[in-house]
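Right, one structure below, let's go through it.
The values are calculated or read from the model by the stated rules, or taken from the named source; none is laboratory data. Being a predicted model, the structure only gives us computed values, none of them experimental. Note: ideal-geometry Cβ built from the backbone for every residue, glycine included; neighbour counts use all protein chains shown.
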Amino acid sequence: VRSTVFVMHSHTPRRDRAGAFSCALALDIAVGFEMTRSDIQAFLAGSPHAVVGASPNRRKFGNKVLRTYLQHGMKVFAVNPNAEEAEGLLCYPYLAAITERIHGVSIITPPAITEDVVDQAITLGIKHVWMQPGAESGSAVRRAEEAGINVIADGSCLLRELGFNG
């Protein structure tokens, strides 16, 4: 059973009053798309993954997503054209620079950049894209779905799904 969810995030992930990292976001009705729990399971079932927007700064969401993969023993590639490395991993400037076929991409970028990342994923034949909270773009969701990509863009957060030990 699929359900349609309408969301647009009005801000990015933040710390709560106690200082703990939170993926909880304020939601506004804006962009409609469908997703199911099985979309997340399909995303996580394969390997390897890439984190576009991976950051060397341990306080940044892109670093926490990268560390979540590493904490769970998952093979992951870091992608950030403005960094040389993150968490000891080489940062690739773009998806096509990775020589191994990527199963899924976690995107932690502003929506305008997410659109470019989705175009790269389509070109490379990547079949799973997870737009982390704050990275969603209605246009990118539509293009990815039209290309047959499994898209997660409902505000679901990898840190919550897998558990982040930060």
Near pairs, Cβ below 7 angstrom, 6+ apart or cross-chain, from the stretch 45-56 (under 14 Å from LEU70 (Cβ atoms)) to any residue that is polar (S, T, N, Q): HIS49/SER106; VAL51/SER106; ALA54/ASN63; ALA54/ASN80; SER55/ASN63; SER55/ASN80; PRO56/ASN63
Taking the stated definitions as given, is ALA121 among the aliphatic types (A, V, I, L, M), modelled with pLDDT of 95 or more and out of contact with any helix residue (DSSP H, G or I) (no Cβ under 8 Å at 6 or more places or on another chain)? no
Of all residues in the stretch 123-143, which are in contact with an Asp or Glu (Cβ under 9 Å, 6 or more places away or on another chain) and either in a loop (DSSP other than H, G, I, E, B) or farther than 21 Å from LEU66 by Cα (or both)? GLU136, SER137, SER139, ALA140, ARG143
Looking at the stretch 93-109, can you tell me whether even one residue there is touching a Lys or Arg at 6+ places or on another chain (Cβ under 8 Å), touching a residue at least 60 places away in the same chain (Cβ under 8 Å), surrounded by 17 or more Cβ atoms within 10 Å (Cβ to Cβ) and not in a loop (DSSP other than H, G, I, E, B)? yes
Residues that are within 16 Å of ASP39 (Cβ to Cβ) and not acidic (Asp, Glu): does the stretch 83-96 have at least one? no
So which residues in the stretch 134-166 are crowded, with 16+ Cβ neighbours inside 10 Å, within 29 Å of ARG58 (Cβ to Cβ) and not aliphatic (A, V, I, L, M), if there are any at all? GLY134, GLU136, SER137, ASP154, GLY155, SER156, CYS157, GLU161, PHE164
In the set MET74, MET131, which member is within 21 Å of ARG37 (Cα to Cα), surrounded by fewer than 24 Cβ atoms within 10 Å (Cβ to Cβ) and out of contact with any Cys (no Cβ under 8 Å at 6 or more places or on another chain)? MET74
Per the filter on the stretch 71-92, residues over 22 Å from GLY134 (Cα atoms) and outside any strand (DSSP E or B) are GLN71, HIS72, GLY73, MET74, LYS75, GLU84, GLU87, GLY88
Considering the stretch 110-128, residues that are hydrophobic (A, V, I, L, M, F, W, C) and surrounded by 20 or more Cβ atoms within 10 Å (Cβ to Cβ), and then whichever is farthest from SER55 (Cα to Cα), we arrive at ILE126
